[in-house]
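Below is one structure; the comments refer to it alone.
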Amino acid sequence: MRLEGKSVIITGGGSGIGLACAQLFYNEGAQVSIIGRRQEKLDVAKKIIGTELLAVVGDLKKNNDLDDLVQKTLNTFGKIDIVINNGGVFSGSPIHETKDENWDNIMETNIRSVFQLTKRVLPHMIERKTGVFVNISSIAGLIALPGVAAYNTSKAALIQFSRSIAMEYGSSGIRSNAVCPGLVKTEMTKELMENKDLMQEWSKDYPIGRFGDPEDIANACLYLASDESSFVTGVALPVDGGFTAH
Ligand SMILES: NC(=O)c1ccc[n+]([C@@H]2O[C@H](COP(=O)([O-])OP(=O)(O)OC[C@H]3O[C@@H](n4cnc5c(N)ncnc54)[C@H](OP(=O)(O)O)[C@@H]3O)[C@@H](O)[C@H]2O)c1
């Protein structure tokens, strides 16, 4: 077991990449707590993983809900070893047509909430001189995908925030890395994936010849969350079938 006895928070753990992480981490011996807004998704996660899963209904954009998540995790598991900042939203429009509320929603969900949760968890990690953050960015944090400027900006900011944690808290025994997935088959990309012609076109950019599955990303997260990566911090790891290799 690669995460025996570790306590893990996974945001957006009710679906897609977050749920794949929750399942894998639980199977590797972790005590897992997840947060999402939709009760029905959390119920399904509980059915899949089991009653030991701590599922907290909450909105990452609300500080009170983050307080609640941290408190419930500490009350239930007694500590927080690992945080997977995975919850996020994706949408796009040309910059000149982007409504302020859409820009703000992406920034608040994809980056401000990560700052808010990190800020709440760090004191506990500093006290115990151990901790790991894995931050789910995107290839959109490394290159600018067309038509999704707010998303690109939020994911690039997340990489820099992730590096900043690594720089500031490495001497406190805390590591932080970003994972940058290419296109992965989840709820977030379901509509895109239904456009067969577009997918055929895009697949040419993936040297490995396929798009990602949530488990591909969860496996990378497991490595970065476990002690096997104890000398790895401050990296932004593409998990993208070679998309960013050219
Ligand atoms: N799929 C891809 O191709 C891809 C590629 C690169 C990066 N990513 C990143 O991977 C992460 C996971 O996405 P996914 O592909 O697994 O899609 P997903 O299934 O839609 O997962 C997103 C999760 O985030 C949660 N979430 C969103 N806003 C929230 C909020 N305000 N409060 C609480 N939870 C919130 C959602 O739960 P609720 O809606 O129930 O709140 C959902 O469980 C995202 O950060 C995404 O940007 C995905």
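Tell me, yes or no, whether region 138-146 has at least one residue that is of a type in the set (Ser, Thr, Tyr) and crowded, with 21+ Cβ neighbours inside 10 Å. Within region 138-146, one or more residues are of a type in the set (Ser, Thr, Tyr) and crowded, with 21+ Cβ neighbours inside 10 Å.
Among the residues of region 49-87, what is the count of those that are touching a Phe, Trp or Tyr at 6+ places or on another chain (Cβ under 9 Å) and at negative phi? Selection size over region 49-87: 8.
Here is a yes/no grid of residues against (1) within 14 Å of the ligand (Cβ to nearest atom); (2) buried (at least 20 other Cβ atoms within 10 Å of the Cβ):
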residue: 11; (1), (2): yes, yes
residue: 16; (1), (2): yes, yes
residue: 43; (1), (2): yes, no
residue: 60; (1), (2): yes, yes
residue: 76; (1), (2): no, no
residue: 80; (1), (2): no, yes
residue: 104; (1), (2): yes, no
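A search for C-beta distances below 9 Å between a residue of region 29-46 that is in contact (Cβ under 8 Å) with a residue 40 or more places away in the chain and β-branched (Val, Ile, Thr) and any residue that is part of a helix (DSSP H, G or I) and more than 11 Å from the ligand (Cβ to nearest atom), counting only pairs 6+ apart in sequence or on different chains, returns 35/68.
Of all residues in region 200-218, those that are crowded, with 20+ Cβ neighbours inside 10 Å have Cβ atoms under 6 Å from Cβ atoms of residues that are assigned to a helix (DSSP H, G or I), 6 or more apart or on another chain, in 214/16; 214/17; 214/20; 217/17; 218/20; 218/21; 218/24. Please work out which residue is nearest to the ligand (Cβ to nearest atom), limiting yourself to region 189-220 and to residues that are basic (Lys, Arg) and within 22 Å of the chain's Cα centre (by Cα). Once the filter is applied, the top-ranked residue is 190. Please tell me if residue 23 is more than 18 Å from the chain's Cα centre (by Cα) and more than 16 Å from residue 114 (Cβ to Cβ). So residue 23 fails the test. Taking each residue of region 51-70 that is without any contact (Cβ under 8 Å) to a residue 40 or more places away in the chain and of a type in the set (Gly, Ala, Ser) and looking for partners that are part of a strand (DSSP E or B) and more than 9 Å from the ligand (Cβ to nearest atom) with beta-carbon atoms closer than 6 Å, six or more apart or interchain, yields nothing. Restricting region 163-188 to residues that are crowded, with 18+ Cβ neighbours inside 10 Å and among the basic types (Lys, Arg) leaves a set whose member that is nearest to the ligand (Cβ to nearest atom) is 163. For region 21-41, filtered to residues that are near the ligand (Cβ under 8 Å from one of its atoms) and within 23 Å of residue 212 (Cα to Cα), the residue that is surrounded by the fewest Cβ atoms within 10 Å (Cβ to Cβ) is 41. In the set (1) without any contact (Cβ under 8 Å) to a residue 12 or more places away in the chain; (2) farther than 30 Å from residue 126 by Cα, residue 185 fails one condition alone, (1). Consider residue 92 carefully, then state whether it is more than 9 Å from the ligand (Cβ to nearest atom), of a type outside the set (Phe, Trp, Tyr) and at pLDDT below 95. When the stated conditions are applied, residue 92 passes them. Whenever a residue of region 139-165 is without any contact (Cβ under 8 Å) to a residue 24 or more places away in the chain, it has no partner that is among the acidic types (Asp, Glu) lying with C-beta atoms less than 7 angstrom away and at least six residues away or across chains. Residues in region 110-161 that are basic (Lys, Arg) and within 10 Å of the ligand (Cβ to nearest atom): 155 only.
Every test in (1) free of Cβ contacts under 8 Å to residues at least 24 places away in the same chain; (2) more than 13 Å from the ligand (Cβ to nearest atom); (3) of a type outside the set (Phe, Trp, Tyr) is passed by residue 4 save one, and that test is (1).
The values are calculated or read from the model by the stated rules, or taken from the named source; none is laboratory data. Nothing here was measured: the structure is a model prediction, and the numbers come from that model. Cβ atoms come from the backbone with ideal geometry, glycine included; neighbour counts cover every protein chain shown.
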